[in-house]
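Note sheet for the following structure.
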Amino acid sequence: MAKAKAITSGFDDRKQIVSAQAAVVADLDIVVINGRVTISTGDYVAAEAGSYVVECDAEVPKVAATAIVEGDTAYWDATNSVFTNVAGTNVKCGYFTEAAAAADTVAQIHLDNSVNL
């Protein structure tokens, strides 16, 4: 599963939701919950309630061979487990905060699920 990394020192507790997932979830996994892209804050067994970040700055896996411009809208591509700037059938979830070259494998985003309201 794709992993994220907090850019700041940890995640803000006020910007999290609690949810139980059907499958096992590892710390920093990217998980879509009711159409919202989230980041797990711990390791959880199936059906265990856990905390998931809905808004933060994070370093995330980026789609290959595509350059990113700061300010591009960020979408979660669940099929390939990467973030992209291509809408298609992907889930809108924030914006890229820094440019990234096509060869880069990670990018910086501001995860913000209010874009889906």
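Counting DSSP beta bridges in the range 1-97, what percent are antiparallel, to the nearest 5?
Given both bridge residues lie in the range 1-97, the antiparallel proportion sits at roughly 95 percent.
How many nm separate the modelled label positions at A22 and V69, each set 7 Å beyond the Cα in the direction of the Cβ?
Here the answer is 4.0 nm between the modelled labels.
Pull up all non-local amide H partners of T97: gap of 5 or more, or a different chain, and H-to-H distance under 5 Å with H placed in the peptide plane.
The answer is G71, Q108, I109, H110.
Before anything else, pin down the relative contact order of the chain: Cα pairs under 8 Å, at least 6 apart, normalised by residue count, whole percent.
25
All of the numbers you see were taken from the coordinates with simple rules; none came from a lab. Because the structure is predicted, anything quoted here is derived from the model rather than measured. Neighbour counts run over all protein chains shown; Cβ positions are idealised from the backbone, glycine included.
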